[in-house]
Amino acid sequence: MEIKRGEIYYVDLEPVRGREMQKFRPAVVVSNDIVNKNAAVVVICPITDAFGKTSKMHVFVPKDQGGLTKDSIVHCGQIRAIDKEERISNKIGDMPEDIMSKIESGIKWVITDI
């Protein structure tokens with residue numbers, strides 16, 4: 001399976017610990033295509049349609065964008081590597097580049113001292 005940055009897939013995040021996002025859910029691939037092609041894992045940010053308190057690590061995605069059927073949030077604070085053979089299922093769509101840019105900013109906010 002060829003997986004590319006910006007693609008949205010259903011992923012199985014079980015088992016989890018503590019407050020990690022769980023269940024079978026959409027996620028966007030954020031790792032670059034060199035990693036995606038050559039590594040056994042890809043880096044993803046999970047997507048939820050459960051809205052609560054938002055911050056700079058949450059990126060809003062309107063319904064009908066990237067194949068999503070509901071208004072959703074990309075949770076950049078839950079970034080993680082997953083095995084691409086064991087955890088990735090069906091492709092949903094492709095995240096628009098303008099939203100990917102916001103996701104990159106959210107990830108930078110989480111992992112850097114900006």
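None of the figures in this text is laboratory data; all of them are computed from the coordinates on show. It should be emphasised that the depicted structure is a prediction, and the values quoted were computed from it without experimental measurement. Methodologically, a virtual Cβ is constructed for each residue, glycine included, from the backbone with ideal geometry; neighbour enumeration extends over all protein chains shown.
So the values come out like this:
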quantity	calculated
Fluctuation leader among GLY77, GLY18, GLY67 - the chain, Gaussian network, Cα springs under 10 angstrom	GLY18
Over 21 Å [Cα-Cα, segment 7-111], rounded percent	28 percent
Computed [θ] at 222 nm, deg cm²/dmol, the chain (DSSP H ≥ 4; -39,500 (n - 2.57); rounded to nearest 500)	-5500 deg cm²/dmol
Leading residue at positive end of dipole, the chain (Cβ point charges), from GLN22, ILE8, GLN65	GLN22
Sequence of SER72, SER89 once ranked by neighbouring C-beta atoms within 10 Å, starting from the fewest	SER89, SER72
Ranked list, fewest to most other Cβ atoms within 10 Å of each Cβ, for LYS102, LYS53, LYS4, LYS23	LYS53, LYS23, LYS4, LYS102
Gaussian network model of the chain, springs between alpha carbon atoms under 10 Å - residue of VAL28, VAL16, VAL43 with greatest fluctuation	VAL16
Members of LYS53/LYS91; LYS4/LYS70; LYS56/LYS91 lying beyond 25 Å, as alpha-carbon distances in this model show	LYS53/LYS91; LYS56/LYS91
Test item: Cα-centred dipole of the chain, Lys/Arg +1 and Asp/Glu -1 on Cβ, debye	340 debye
Exposure proxy ranking, count of Cβ atoms within 10 Å, fewest first, for HIS58, HIS75	HIS58, HIS75
Candidates per GluC sites (Glu not before Pro) in segment 1-78, loop by DSSP, up to 16 other Cβ within 10 Å	GLU2, GLU20
Qualifying GluC sites (Glu not before Pro) for segment 37-99 [loop in DSSP, other Cβ within 10 Å: at most 14]	GLU85, GLU86
